[in-house]
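Below is one structure, written out as C-alpha cells; comments come after it.
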Amino acid sequence: MKIHEEAAEYFLSGFSCSQAVLYVFAEKYGLAKTTALKLADAFGGGMGGQGYTCGAVTAAYMVIGLKHGRTGVSELKKKEETRRLVKLFSEEFIKKHGALNCSELLKCDMGTAEGKKFARDSGLFVEACPKYVKTAVLLLEKLLEINDAGASS
C-alpha cells in the first residue's frame with residue numbers, strides 16, 4: 001500500500017486529517033507514532049475543529065519541520081529551507097484545491113456545530129477530506145524527494 005493510501009485509510013478509520021498525515025511520516029523523521037498522534041490531534045478540523053488551516057496542511061508543515069527544522073538559533077539556512085518548503089507546499093496545495101482553510105475547502109463553517117453537521121451529513125469527511133490527506137502526503141513526498149535530490153548535488 002502506498003503511503004498516501006495508508007494515510008487516507010488512517011483518516012477514514014477515525015483519526016483526524018492531521019494525525020493521519022503526521023503518523024505516516026513520524027518514524028521516518030525520528031518521531032514516535034504515539035507522540036505524532038498526540039501532537040497532531042489538536043490540529044484536526046482546521047486547528048482544533050475551528051475551520052482554520054486544514055489539519056492535513058498543518059501536519060505537512062510539521063513533517064517539513066521534522067526533516068529540515070532548526071534546533072539552534074544560529075541555523076538560519078535550516079530556517080530558510082523550512083520556510084521555502086512550507087511556501088512551496090502551500091502554493092501547490094492551493095493550486096490543486098483552491099484554499100488552505102478547512103472551512104473554505106469544505107464550503108461550510110467548520111467552526112460551528114451547524115457547519116460540522118452539514119459536513120458530516122453531506123459526506124464531506126468521507127468524500128473530500130481523504131483527498132486533502134492524500135494530496136498532502138503526495139506533495140510532501142514530491143517536495144522532500146526533490147529537496148533530497150538537490151541536496152546531494
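Just so it is clear, none of the values below were taken in a lab; they were calculated from the coordinates. Only a predicted model underlies this, so the values are computations on that prediction, with no experimental measurement involved. Cβ: placed from backbone, ideal geometry, glycine included. Neighbour counts: every protein chain shown.
Restricting attention to segment 70-86, report how many residues are among the aliphatic types (A, V, I, L, M) and either in a loop (DSSP other than H, G, I, E, B) or over 16 Å from the mean Cα position of the chain (by Cα) (or both). Working first, answer last.
The first filter runs over segment 70-86 and keeps only residues among the aliphatic types (A, V, I, L, M), leaving 73, 76, 85-86.
Right, trim to either in a loop (DSSP other than H, G, I, E, B) or over 16 Å from the mean Cα position of the chain (by Cα) (or both) and you get 73, 76.
Looking only at that region, the number is 2.
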Exercise for the section: Name the single residue, out of those in segment 105-114 being crowded, with 19+ Cβ neighbours inside 10 Å and part of a helix (DSSP H, G or I), that is nearest to the chain's Cα centre (by Cα). Expected result: Leu105
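Given segment 1-69, what helices (runs of 4 or more DSSP H) lie entirely inside it while holding 2 or more residues that are of a type outside the set (S, T, N, Q) and farther than 21 Å from Leu143 by Cβ? Show your work before the answer.
Numbers: elements: 3-12, 17-26, 33-41, 55-68.
Ranges flagged: 3-12, 33-41.
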Completion exercise
Apart from one, (1) assigned to a helix (DSSP H, G or I); (2) within 20 Å of the chain's Cα centre (by Cα); (3) surrounded by fewer than 17 Cβ atoms within 10 Å (Cβ to Cβ) all hold for Ala99; the odd one out is (1)
Practice task
Could you please find all residues in segment 37-49 being touching a residue at least 24 places away in the same chain (Cβ under 8 Å) and either more than 13 Å from the chain's Cα centre (by Cα) or over 21 Å from Ser103 (Cβ atoms) (or both)?
Solution key: Gly49
Completion exercise
Going through (1) out of contact with any Gly (no Cβ under 6 Å at 6 or more places or on another chain); (2) in contact (Cβ under 8 Å) with a residue 24 or more places away in the chain; (3) of a type in the set (S, T, N, Q) one by one, Thr34 fails only at (2)
Practice task
With the checklist (1) on the phi > 0 side of the Ramachandran plot; (2) under 11 Å from the mean Cα position of the chain (by Cα) in hand, flag the one item Gln19 doesn't pass.
Solution key: (1)
Fill in the blank from the handout: The number of residues in segment 3-31 that are over 20 Å from Cys102 (Cα atoms) and either of a type in the set (Phe, Trp, Tyr) or in contact (Cβ under 8 Å) with a residue 60 or more places away in the chain (or both) is 5
Handout entry: One residue from Phe89, Phe118 being in a helix (DSSP H, G or I) and over 23 Å from Leu31 (Cβ atoms)
Key = Phe118
